[in-house]
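First comes the structure, then the notes that go with it.
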Amino acid sequence: MALKKNDEIELKITDIGVNGEGIGKHDGQAVFVQGALPGDTIRAGITKVKKSYMYARVIKIISPSPDRIEPACSLSKKCGGCALQDMSYSAELRMKENKVRSDLIRIGGFPAEEVDRILKPIVGMEGDAVERYRNKAQFPVGTDREGHVVTGFFANHSHRIVPVKDCTMCMEENVVITGAIRDFMAMHRISAYDEETGKGLIRHILIRKGFSTGDLMVCLVINGDSLPHEADLISALSAIEGMRSISININIKRNNVIMGDRTENIFGQPFITDFIGDVKYRISPRSFFQVNPAQTIRLYSKALEYASLSGNETVWDLYCGIGTISLFLAGHAAKVYGVEVIPEAIEDAKQNAFINGFDNTEFFVGKAEDMDYTGFKKPDVIVVDPPRKGCDTLCLNAILSAEPDRIVYISCDPATLSRDLKILTAGGYRLLEATPFDQFPRSVHCECACLLTR
Ligand code: SAH
C-alpha cells in the first residue's frame, strides 16, 4: 500500500545526500531523512510524499550506525551551520572522498577504474582536530520573540536565527565581539534587520581573524547609511586585544546577499593581515580568503606541486581573489596574471604583490568569462579556483583556446568540478590526478585540487 504523511516505517539508511541527510529505500523509493546516518536503522515518520521519493523524520533510532558519535555541539540539531556533527570524522572523510569519486564517475563520465587510479586519498585535518578551524564567521542579527537582539546562525532550510554565542568551529573571540555588539544595540535601542519587513538597521556581523598575526576585523552590515552612536561601539570593540579593523558595510537591498557594495572603515585599517607560508596577505572585509588556514597551506602546496614550475613559466590565475594563489606561485614563475571580479580584492592583490616584493604579477578586475585575454602572454599553466557554481562555459572555452600545458583546477564543489572536467577533457586535456582536501570539517562541503595536462 502506498505510504502517506504520518505513516511510520522501519528504515535502513544506506546512503547520504548532498546536504548530509540519510537516504534509505522503501519499496524501491528513496526516503530522505535529516539527522539519520548511513548504517542507522530507524523508525521513520513520513513527512512528505512525492511522486518517486519521500521525506521522513527520525522517530527513534532502532540500531545506531557504527559511525554515530555524540555531537560536540549542543546546538547541532537546531543550527543549520554544520551538518555532520553526529558522524565520526573518519566517516566524514570517507563520505567526502566517495562524493568526489561518484561525481567524477556519474557527472564527469570518467570510467571507475580511471577514477580509482587518479583519485588520491582525502587530506583531512591533522590529528583529526576539527574544532576552531575557521578564521571567519558571519552572524545574522535578528530579534527574538521577547524583543531581544539575537546573533547566531540560520536554522536548516530557514531564515530563523538560532542564537549561537560560541560556535566551536569558529574563533573564541566571536563570543566577546558579538556580545559587545548585542550590548551596544540594547543600550542605544538600535534595531536588528527584519527580512520580512525590510526594516531595522543591523543585518550581519562579519568577523575575521588572521591566525598567524592575531589581527581581528569586524564589519557590521547595516541597512542604512550610518551607525548611530558609532563611537561607543568603536570604544567597546577596540578594547579587544588584536582588534585592527572595524568597518560598516552598507546593504540597503532586500535580498539574500550578505554584503553591499560600499564599505566604510571606522577604526584602524580597512584590512587585516595574515600569512600563508611565507607570503603575507592583506585582507579587506569583502575579499575572499580561505577560511581554514591549517588546510589552506596544504591545498596551495598541492597547487604549486601540480603547477610544476621551474621559474620560466607564465601562469594565469583565474578567480584569483586577493591574489592568494597567484602570489603563492609568483616566486616560482616568470609571470603571473590574476583575474577577479571584486574590485577591492584586486586592490588587495596589487598591494599584496607590492608588500611581498613581487614585480612579475599583473591583476585585472573582470569576470573570468568576459576577460579580454589578448594582452596576456601565452600561459604554460592556468589555475582556476571558481566559486561553487564552477566555471562559466565561456571561461572554459577561453582556457581551451589558450592551450596551456597544464591546468590546475581547485574546486569547492565536486559536482560542478566534474561537469567542467568533462568539458576540459573533451577539449583535449587529460585528468592526471585529483586530491580532495577537507577545508570545511563538519560541513558537507568538499574541496578538490586537480591536475590536467594537454
Ligand atoms: N583563489 C582565491 C579565491 C578563490 S574564491 C583564493 O584561493 O583565495 C573564488 C573567487 O572568485 C572569489 O574571490 C570571487 O569573488 C571570484 N569570482 C566569482 N565569480 C567570478 C567570475 N565570474 N570571474 C572572476 N572571478 C569571480
>> For the list (1) part of a helix (DSSP H, G or I); (2) more than 10 Å from the ligand (Cβ to nearest atom); (3) touching a strand residue (DSSP E or B) at 6+ places or on another chain (Cβ under 8 Å), I need the number of the one condition that residue 274 fails.
In response: (1)
> Residues in the stretch 379-396 that are more than 9 Å from the ligand (Cβ to nearest atom) and in a helix (DSSP H, G or I): how many?
Replying inline: 3
>> Checking the structure you have, find out if any residue of the stretch 340-348 is assigned to a loop (DSSP other than H, G, I, E, B) and away from the ligand (no atom under 13 Å from the Cβ).
In response: no
> Name the residues in the stretch 353-378 that are within 16 Å of the ligand (Cβ to nearest atom) and part of a helix (DSSP H, G or I), would you?
Replying inline: 353, 373
> Looking at the stretch 397-423, which of the residues that are away from the ligand (no atom under 12 Å from the Cβ) and buried (at least 22 other Cβ atoms within 10 Å of the Cβ) is farthest from residue 19 (Cα to Cα)?
Replying inline: 404
>> So the check is Cβ under 7 Å with 6+ separation or different chains; which pairs have a first residue in the stretch 385-402 that's among the charged types (D, E, K, R) and a second one that's at pLDDT 95 or above and assigned to a helix (DSSP H, G or I)?
In response: 385/325; 388/416; 389/416
> Does residue 392 satisfy the criteria of being under 27 Å from residue 423 (Cβ atoms) and either buried (at least 21 other Cβ atoms within 10 Å of the Cβ) or not assigned by TED's automatic domain parsing to the domain that holds residue 300 (or both)?
Replying inline: no
>> Anything in the stretch 282-313 that is open to solvent by less than 10 Å² (accessible area, probe 1.4 Å) and over 19 Å from the mean Cα position of the chain (by Cα)? List them, or say none.
In response: 306, 307
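The values are calculated or read from the model by the stated rules, or taken from the named source; none is laboratory data. Everything numeric here is computed off the predicted structure, so don't read it as measured data. Heads up, the Cβs are rebuilt from the backbone with ideal geometry, glycines too, and the neighbour counts pull from every protein chain shown. Note: areas computed on protein heavy atoms with side chains; ligands, DNA, RNA excluded. Shrake-Rupley method; radii C 1.70, N 1.55, O 1.52, S 1.80 Å.
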